[in-house]
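The values are calculated or read from the model by the stated rules, or taken from the named source; none is laboratory data. Only a predicted model underlies this, so the values are computations on that prediction, with no experimental measurement involved. Note that each Cβ is placed from the backbone with ideal geometry, even for glycine, and that neighbours are counted across all protein chains shown. These accessible areas exclude ligands, DNA and RNA; they are computed on the full protein's heavy atoms, side chains included. Shrake-Rupley method; radii C 1.70, N 1.55, O 1.52, S 1.80 Å.
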Amino acid sequence: MITAKQTITETFIHLLSEQDFEAVSVKDIVAYAGISRSTFYLHFTDKYELMEAVRSQLNGKLFQIYSEPSDAETINLKICRHIFRYRSFYRQEFSDAGRIHELTSRFACQLDHVFGDEDLAVFAGWGTIGYLVSWVKGGFMMSPQEASDKLMKIVFADWTANLAETRERSS
């Protein structure tokens, strides 16, 4: 059974696919959800608190992916599927540089626990979130599978392969 709180959050996520956060009102949420304003206010003080609850929930799901035992390819695919499934939220989230920075820092911290190497975690965290932001801002021109495959290609690329050729050409 779906609770009123779940209905409110699902409605809110849906409305983000139709309009920017600033344009979404409590009136819109309750009308679309078919609930009263008092029901909304039983769960949230305003749309900003609702956004924080959705942010906490969805980013929590994103970070939880790394705590599930799996290989890198499966983890990347799960991340890309999560971002795509909640694309209306992440379009909003990735339109704010402060939110990108906060999410990336948290992601790097999570990866530090996975890799046990802070420098690698920072590099991988910023690179992964940067790639995902580009995919989101580009309008999801690839499927989650294609985005995951390209991300894996980047992860396992030999970054030094062309350095010698580049140096020779520039001298």
Note to self: List the residues, sorted by chain then number, that are 5 or more residues from Ser70 or on another chain and whose placed amide H is less than 5 Å from its amide H.
What the structure shows: none
Check: Per residue and in Å³, how big is the convex hull formed by the alpha-carbon atoms of the stretch 22-171?
Finding: 157
Next item on the list: Hand me the GluC sites (Glu not before Pro) from the stretch 9-61 located in a DSSP loop with no more than 14 other Cβ atoms within 10 Å, in residue order please.
Entry: Glu18
Check: Ignoring any ligand, DNA or RNA, what whole percent of the accessible area of the chain comes from carbon and sulfur when the probe is 1.4 angstrom?
Finding: 54
Note to self: Just the number please: accessible area per residue for the chain, 1.4 Å probe, all protein chains included, in Å².
What the structure shows: 59
Next item on the list: Go through Lys27/Lys137; Lys47/Lys150; Lys5/Lys150; Lys78/Lys153 and tell me which ones have a Cα-Cα distance over 25 Å in this structure.
Entry: Lys27/Lys137; Lys47/Lys150; Lys5/Lys150
